[in-house]
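Visitor: Just passing along the structure, written as structure tokens.
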Amino acid sequence: MANHEEQFKKLVSHAKEYGFIFPSSEIYDGLAAVYDYGEYGSELKKNIRDYWWKSMVQMHENIVGIDSSIFMHPTIWKASGHVDAFNDPMIDNKDSKKRYRADVLIEDYCAKIEAKIDKEVEKAAKRFGEAFDKQQFITTNPRVLEYTQKIADITHRMNHDLEVNDLADLKKLVEELEIACPISGTKNWTDIRQFNLMFDTKIGSVSDEANTIYLRPETAQGIFVNFLNVQKTGRMKIPFGIAQTGKAFRNEIVARQFVFRMREFEQMEMQFFCAPGTEMEWFRYWKEERMKWHLSLGMQPENYRFHDHEKLAHYANAATDIEFNFMFGFKELEGIHSRTDYDLSRHQEFSGKKLQYFDSERNESYVPYVVETSIGLDRMVLAVLSHAFCEEKLEDGTERVVMRIPAKIAPYKVAVLPLVKKDGMPEKAREILEMLQPLYMCQYEEKDTIGRRYRRQDAIGTPFCVTVDSDTLTGNTVTVRHRDSMEQERVSVDRLAAYIAEKMK
Ligand code: GAP
């Protein structure tokens, strides 16, 4: 098994064992692509959500937040295009009876070619040693160039087929590439059909077609349909933004890679309303701002990259993804899209209500343009967990698993630990706990040896362990052990809260 697959499996079982993420309905054997967050996972998720909210809403005087409902008028999804076009091309293998997304099968094929390129680079790096110039190699080596061209040709044809909905040619492409089902190993495929990803349900007591509503597949439409309400009640002046976080639902055909692609997930979205003609400037601004937000968590810049879209949705005039280096490679974490006036204009058309803004500086009314930032909260949790997970061999020959979660978003910030369960140490430790609890999420533990308790805090990512020993009783100082370096410092109890605040910056 490839090393990264092994690592990923270990991460998934660590997440379960230490109360971050459980399979949903586990005692009934689970429900595919649905997960529950445990005591540490839900804290982590909440901290990421708060960190996002603070940076988007609290720190921008022209952005406000809302909380719209999951159920919305069904015509909203007609107007947004989701009823007619929120589809994935699905294909079944007749032997294994397994269902796949045709575009994912083709992308996986390209990823294999990409892996061959990586192998060539690795071999050449070994051969040339220090003199190796990767950039020069990948732009001149004939075999690498051939692979690169092949990927470009396949991607171009696939994108074109998807754009014009030529499902027959897409199937031809799967056949020409001789893609086999990973389960049965055969190439016995059905035709490709479009599959709508929205979940529907019935509202009210009469179960007929007219009562069909959808679980929202994105939170964004709740913002669009409240645009005028918020603009008026918040006395907002363009440019301004509306943010919201909340659940979204998609009946994903291929749901895999843990919380990366789920059927019920949470989004953090912001729609920024601006004057027509200024959207590209704001698109560039938000592209930069969002990358700064990611980097502020300290998870190394080389783990992020932009992927600008070549193929744009019909309503967009620019789009980029922020990709993160997950354990299974670089994948989309966040999307930033310049959506023009498409959504508001469509809602204006379908609702018959004017969704315009009077711009007193321009002395004209218009339908605003929109730049959207949209990030999956669960995907962000996965990015943090995969980056944090670390198995370490220590100098004394023992091993530890440490979750190097950025301190700002760690589930618990402090563990207060009496060295032994006697001599007044638990009482003193509880006093310190009471002092810190209003400020930070704290844990108190007195069971097991101190070494074991440190390991347990490492495994859930607690950045600071405060140990109460005999010197605490005489000199009112504690040791603060740092999770990542395992270094310990002696700190006066009077300074402890300020000391932790300083280290958390
Ligand atoms: N309003 C725009 C929108 O929804 P999207 O690219 O479909 O755009 C935005 O989704 C983000 O939501 C993605 O970048 C990803 O982080 C997250 N996301 C999308 N589908 C998801 C799924 N099935 N499971 C988990 N996260 C998902």
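The values are calculated or read from the model by the stated rules, or taken from the named source; none is laboratory data. What you are looking at is a predicted structure, and each value in this text was computed from that prediction instead of being measured. For neighbour counting, all protein chains shown are included, and Cβ atoms are generated from backbone atoms with ideal geometry for every residue, glycine included.
Visitor: When you look at E349, is it of a type in the set (D, E), more than 12 Å from the ligand (Cβ to nearest atom) and assigned to a helix (DSSP H, G or I), yes or no?
Guide: Yes, satisfied.
Visitor: OK, next. Going by what's in this entry, would I76 be described as more than 22 Å from the chain's Cα centre (by Cα), assigned to a helix (DSSP H, G or I), touching a residue at least 12 places away in the same chain (Cβ under 8 Å) and surrounded by 13 or more Cβ atoms within 10 Å (Cβ to Cβ)?
Guide: Yes; evaluated as a whole, the condition is true for this residue.
Visitor: A further question follows. What tally of residues in the stretch 352-393 results from selecting those that are away from the ligand (no atom under 16 Å from the Cβ), hydrophobic (A, V, I, L, M, F, W, C) and in contact (Cβ under 8 Å) with a residue 24 or more places away in the chain?
Guide: 4
Visitor: Now for a different question. Would you kindly identify the helices (runs of 4 or more DSSP H) lying entirely within the stretch 433-505 that contain at least 2 residues that are within 23 Å of I21 (Cα to Cα) and either within 35 Å of the chain's Cα centre (by Cα) or small (G, A, S) (or both)?
Guide: Fully inside the stretch 433-505 and qualifying: 450-460.
Visitor: I need the full set of residues from the stretch 413-432 which are in a strand (DSSP E or B) and of a type outside the set (G, A, S), in order please.
Guide: Selection gives V414, V416, L417, P418.
Visitor: Any chance you could count how many residues in the stretch 1-37 are under 18 Å from R379 (Cβ atoms) and among the small types (G, A, S)?
Guide: 4
Visitor: Also, I was wondering about something else. Are any residues in the stretch 133-148 in a loop (DSSP other than H, G, I, E, B) and either more than 35 Å from the chain's Cα centre (by Cα) or among the basic types (K, R) (or both), and if so, which ones?
Guide: N141
Visitor: Mind counting the residues in the stretch 463-505 that are surrounded by fewer than 20 Cβ atoms within 10 Å (Cβ to Cβ), in contact (Cβ under 8 Å) with a residue 24 or more places away in the chain and among the polar types (S, T, N, Q)?
Guide: Qualifying residue count, the stretch 463-505: 1.
Visitor: Go through the stretch 173-195 and give me each residue that's surrounded by fewer than 18 Cβ atoms within 10 Å (Cβ to Cβ) and under 13 Å from P89 (Cβ atoms).
Guide: Passing the criteria: T190, D191, R193, Q194, F195.
Visitor: Right, another one. Quickly run through the stretch 22-38 and pick out the residues that are more than 15 Å from the ligand (Cβ to nearest atom) and exposed (fewer than 15 other Cβ atoms within 10 Å of the Cβ).
Guide: Of everything in the stretch 22-38, those that are more than 15 Å from the ligand (Cβ to nearest atom) and exposed (fewer than 15 other Cβ atoms within 10 Å of the Cβ) turn out to be S25, E26, I27, Y28, D29, G30.
Visitor: For the stretch 43-61, how many residues are touching a residue at least 60 places away in the same chain (Cβ under 8 Å) and either buried (at least 17 other Cβ atoms within 10 Å of the Cβ) or outside any loop (DSSP other than H, G, I, E, B) (or both)?
Guide: Here the count works out to 12.
Visitor: Please go through the stretch 362-371 and pick out each residue that is in contact with a Ser or Thr (Cβ under 8 Å, 6 or more places away or on another chain) and assigned to a strand (DSSP E or B).
Guide: Within the stretch 362-371, Y369, V370, V371 meet the criteria.
Visitor: Give all pairs with beta carbons closer than 7 Å in which a residue from the stretch 246-266 that is at negative phi and without any contact (Cβ under 8 Å) to a residue 40 or more places away in the chain meets a residue that is within 9 Å of the ligand (Cβ to nearest atom) and in a loop (DSSP other than H, G, I, E, B); count only pairs at least 6 apart in sequence or on separate chains.
Guide: From the stretch 246-266, the pairs are A248/P217; A248/E218; A248/T219.
Visitor: Further, regarding this structure: Residues in the stretch 322-330: is at least one within 16 Å of the ligand (Cβ to nearest atom), touching a strand residue (DSSP E or B) at 6+ places or on another chain (Cβ under 8 Å) and at pLDDT below 95?
Guide: Taking every residue of the stretch 322-330 in turn, at least one turns out to be within 16 Å of the ligand (Cβ to nearest atom), touching a strand residue (DSSP E or B) at 6+ places or on another chain (Cβ under 8 Å) and at pLDDT below 95.
Visitor: List, please: which pairs have Cβ atoms under 9 Å, are six or more places apart or on different chains, and start with a residue in the stretch 173-194 that is free of Cβ contacts under 8 Å to residues at least 40 places away in the same chain and end with one that is part of a loop (DSSP other than H, G, I, E, B) and among the acidic types (D, E)?
Guide: From residues that are free of Cβ contacts under 8 Å to residues at least 40 places away in the same chain, the pairs are G185/D95; K187/E178.
Visitor: Could you tell me which of the residues A313, A319 is within 30 Å of S69 (Cβ to Cβ), among the aliphatic types (A, V, I, L, M), within 16 Å of the ligand (Cβ to nearest atom) and buried (at least 18 other Cβ atoms within 10 Å of the Cβ)?
Guide: Going through A313, A319 in turn, just one is within 30 Å of S69 (Cβ to Cβ), among the aliphatic types (A, V, I, L, M), within 16 Å of the ligand (Cβ to nearest atom) and buried (at least 18 other Cβ atoms within 10 Å of the Cβ): A319.
Residue-wise test of (1) part of a helix (DSSP H, G or I); (2) within 16 Å of the ligand (Cβ to nearest atom).
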site: Q194; (1), (2): no, no
site: A210; (1), (2): yes, no
site: P217; (1), (2): no, yes
site: K232; (1), (2): yes, no
site: A243; (1), (2): no, yes
site: G246; (1), (2): no, yes
site: E252; (1), (2): no, yes
